[in-house]
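K.L.:
Before anything else, here's the structure in question.
What follows draws every value from the coordinates through simple rules; no lab data is involved. This one's a predicted model, so the numbers in the text were calculated from it and none came from an experiment. Positions of Cβ are generated from backbone atoms using ideal geometry, with glycine treated the same way; all protein chains shown enter the neighbour counts.
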Protein chains: 2
Amino acid sequence: MASDKSQQFGEFDLINKYFLRNSLSNPSIDHHHEQVLLGIGDDCALLAPPPSDHMLAVTSDMLVENRHFFSDADPKLLGHKSLAVNLSDLAAMGAKPTAFTLSIALPHINHAWLSAFSEGLHAISDQFHCPLIGGDTTSGPLTIAITAMGYLPKKSALKRSGAKVGDDIWVSGEVGDARYALGIRRGEWPSIRPDASSWTKIALRMDAPQPRVDLGIALRDVAHSAVDISDGLLGDLQHILKASQCQAAIQIDQVPVSTQLQLESQAMRRICSLRGGDDYELCFTAPRQNAAQIEAIGRNLNLRLTKIGNITEAPISSSSNDAIHRMELIDQQGERLPLQEVQMYLKSFDHFDVA
Amino acid sequence: MASDKSQQFGEFDLINKYFLRNSLSNPSIDHHHEQVLLGIGDDCALLAPPPSDHMLAVTSDMLVENRHFFSDADPKLLGHKSLAVNLSDLAAMGAKPTAFTLSIALPHINHAWLSAFSEGLHAISDQFHCPLIGGDTTSGPLTIAITAMGYLPKKSALKRSGAKVGDDIWVSGEVGDARYALGIRRGEWPSIRPDASSWTKIALRMDAPQPRVDLGIALRDVAHSAVDISDGLLGDLQHILKASQCQAAIQIDQVPVSTQLQLESQAMRRICSLRGGDDYELCFTAPRQNAAQIEAIGRNLNLRLTKIGNITEAPISSSSNDAIHRMELIDQQGERLPLQEVQMYLKSFDHFDVA
């Protein structure tokens, strides 16, 4: 929409000040950016093609104020998280991050906010050698849209459709703390008041997720399928089961949770770890004979990798298309949970809920 | 942010119903999509690498309600325009569209709106053989973020920095009608009431811009530099002059305008064609000896291509960094316009103006 420039600090100034960096010509990180032939400042960015035996993985995520983050969220952590959630999708495919674009709508120009946001964004961009190559800035309700790209060898993608009957099901790290933090922040559980040091740990799991990029790359020829559990462990595992036309038996009390969450009731532990979203760990399936290799990867990356179940044959009945019939949840006594309880844990994250 | 799915029609239903198509397996268009190895439905989409002598062009644009389009905008035209503005950036680089991602925030699920929006989006996607491969949907203030990707041969990119002293400056199509339509729609010029058939033509220039993809591809080895004039002819030409460190002499009354705009006053014609944005034509520079070749391209594409000026040596004075000193605007009497008037036409579109 055409309109007049009548303010001193405009779109180009904003890009120059906060998003354009000389990193592409900085020798200390230059070797990571040989794929970027042209960055911010033209009609398009230009990337070198991947090696001919590779392909390009592309993922987009949008974060909206009061929907994905609170208005008073620390902008530096928000900058981190905005890119982290996209890198997590690349990780779940086994792709190595290459570059990303950022489109951002801002209600007004707040220099302190922009400075902190871009600091957090550039820090994780540097950490994963994934430079900002372009995008768009506009005025509007605070909205952050990132598209991240990465390369991976052909035939090595960790697709959701790759799970095989007999596969072990694994999960990285510990799950549930992001949901636990959200509940505490929202005051859902007024009786829970963690001490300051515990709260720092829990809150960081929600605010500063670490995408499992190195794990995704290490799993390329080891796992059959993978997904990142941004929408909750069971909700995302469903996608694998549906795409791979199979079933899962999950030992729910094997699901790894933090020492903080371990202190809570069984019900809260299960709600947070099975159904809570925003964890950005990887859930993956792999043949049983690769277990030792997977454990070695975990030791190598200093990352907890836990076997939580198995892929089983899908029932033939027509009702097998329902997610609820694709999951057997088994407790530590070896008992199967009733369907009603399974259903509750399967309710996954959805941005169009009306709650 | 984790929350509960408590509505029947959720994010996945929405994607399935409006955005996921079987086009990738539709034989009639399949041959255009050989680059797409995996589309919507996994953590990432997967694209085949371009030929090794090609590179990947990437561009992102964000459209925000009441900023880039009115709330009552026809959703089908909006679907068209959302992708068109990105394809226009690919065109300005000389890239052939390959695929795009869409992230969209919606205040609520309106099936009539979504149906029309996706119809318009898919129509232009088919027209340019550029399929939707992924993205994100969320609730929030209406915001549309698209990232489009395309391939082009190495060393053939039409960068902004490529203009050379002596180049002719060209523009495609006719410019100014988008700004003219906006003004009429806003009631800026109450005395102007075009008849229905004229209004249809003018409004379509604002609502349904045609990205000059074929022109961009044809200009790869013919032009030195190009830009799409989404932010106004002189405003965008500035980017070429700055990046190429040169100056321009523009014959402002040579700038091609529609028959409707020709009927208006000289002042309005100039305001709309020199400063008005949203036209999505290409402005490009090329060596004088390529003029006949460019005219042939225009005949071939049935697209008006008009020479409007020349690239000249930049002045050496320190003030030469100001855009105003990079432009000589010359009227039909051969007179240079005073600096004050140049400055007025240079005020380009900016989403952070406070007007």
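K.L.:
Give, to the nearest whole percent, the P(r) tail of segment B:160-346 beyond 23 angstrom, counting all Cα pairs.
P.N.:
40 percent
K.L.:
Could you point to the residue in B:L37, B:P49, B:F70 farthest towards the positive end of chain B's charge dipole, with +1 and -1 charges on the Cβ of Lys/Arg and Asp/Glu respectively?
P.N.:
Working it through, the farthest residue towards the positive pole turns out to be B:P49.
K.L.:
Mind giving me the FRET efficiency for B:R299 and A:D126? R0 is 51 Å, r the Cβ-Cβ distance, nearest 0.05 is fine.
P.N.:
0.50
K.L.:
So the label point sits 7 Å from Cα along the Cα-to-Cβ vector; using that for A:Q254, what distances do you get to the other copies, in nanometres, sorted shortest first?
P.N.:
Those label-point separations list as 7.6 nm.
K.L.:
Still on this model: When DSSP assigns beta bridges and you keep just the ones with both residues in the protein assembly as shown, what percent turn out antiparallel, to the nearest 5?
P.N.:
80 percent
K.L.:
Net charge near A:L63: determine it from the other residues with C-beta under 10 Å of the C-beta of A:L63, scoring Lys and Arg +1 and Asp and Glu -1.
P.N.:
Computed value for this residue: -1.
K.L.:
From the helices alone, meaning DSSP H stretches of at least four residues, give me the mean residue ellipticity at 222 nm for chain B, per-run term -39500 (n - 2.57), in deg cm²/dmol to the nearest 500.
P.N.:
-9000 deg cm²/dmol
K.L.:
Once the label point is placed 7 Å from Cα along Cβ, list for A:M344 the distances to the corresponding points in the other copies, in nm, shortest first.
P.N.:
7.1
K.L.:
Using a 10 angstrom cutoff on alpha carbons, build the Gaussian network for chain A and name the most mobile of A:G166, A:G187, A:G39.
P.N.:
Judging by the Gaussian network model, the answer is A:G187.
K.L.:
Could you list which residues have their amide H under 5 Å from that of A:A99, counting only those 5 or more apart in sequence or on another chain, with H placed in the peptide plane?
P.N.:
It is A:M149, by chain and number.
K.L.:
Among the DSSP beta bridges whose two residues both lie in segment A:160-346, what percent are antiparallel, rounded to the nearest 5?
P.N.:
80 percent
K.L.:
What longest range of chain A stays clear of loop-exposed GluC sites (Glu not before Pro) (DSSP non-H/G/I/E/B, at most 13 other C-beta within 10 angstrom)?
P.N.:
In chain A, the maximal stretch lacking such sites is A:35-187.
K.L.:
Using a ≥ b ≥ c from the Cα gyration tensor of the protein assembly as shown (square roots of the eigenvalues), is it rounded, prolate or oblate, where a/c under 1.5 gives rounded and otherwise the larger of a/b and b/c decides, a/b for prolate?
P.N.:
prolate
K.L.:
Counting residues in chain B as N, plug N into 2.2 N^0.38 Å and put the Cα Rg over that result.
P.N.:
Cα-based Rg divided by the globular estimate yields 1.04.
K.L.:
By the scheme Lys and Arg +1, Asp and Glu -1, what is the net charge of all other residues having a beta-carbon under 13 Å from that of B:I184?
P.N.:
Residues close to B:I184 contribute a combined charge of +1.
K.L.:
Another question, then. Taking a label point 7 Å from Cα toward Cβ, how far is B:R193 from its twins in the other copies, in nm, shortest first?
P.N.:
7.0
K.L.:
Percent antiparallel among DSSP beta bridges with both residues in chain B, to the nearest 5?
P.N.:
75 percent
K.L.:
Follow-up question, since we're still on this one. So which lysines can B:K155 reach, going by Cα to Cα under 19 Å and dropping same-chain residues fewer than 8 places off?
P.N.:
Qualifying lysines at Cα under 19 Å: B:K96, B:K164.
K.L.:
Continuing with the same structure: Identify all aspartates and glutamates with a Cα-Cα distance to B:K76 below 15 Å; exclude those on the same chain that are fewer than 8 residues away in sequence.
P.N.:
In chain and number order, the partners are B:E65, B:E119, B:D126, B:D207.
K.L.:
Could you give the distance between the Cα centres of segment B:231-250 and segment B:133-205, to the whole Å?
P.N.:
Each part reduced to its Cα centre gives a spacing of 17 Å.
K.L.:
Considering only B:S191, B:S88, B:S118, give the residue with the highest GNM mean-square fluctuation for chain B, with springs between Cα atoms whenever their separation is below 10 Å.
P.N.:
Result: B:S191 has the largest fluctuation of those listed.
K.L.:
Can you give me the distance in nm between label points at B:K155 and A:Q254, each placed 7 Å from the Cα along the Cα-to-Cβ direction?
P.N.:
Here the answer is 5.8 nm between the modelled labels.
K.L.:
Scattering from the C-alpha atoms of segment A:94-151 alone, worked out with Debye: what is log10 I(q)/I(0) at q = 0.15, 0.17, 0.25 1/Å?
P.N.:
The Debye formula, applied to the Cα set alone, gives -0.47, -0.59, -1.06.
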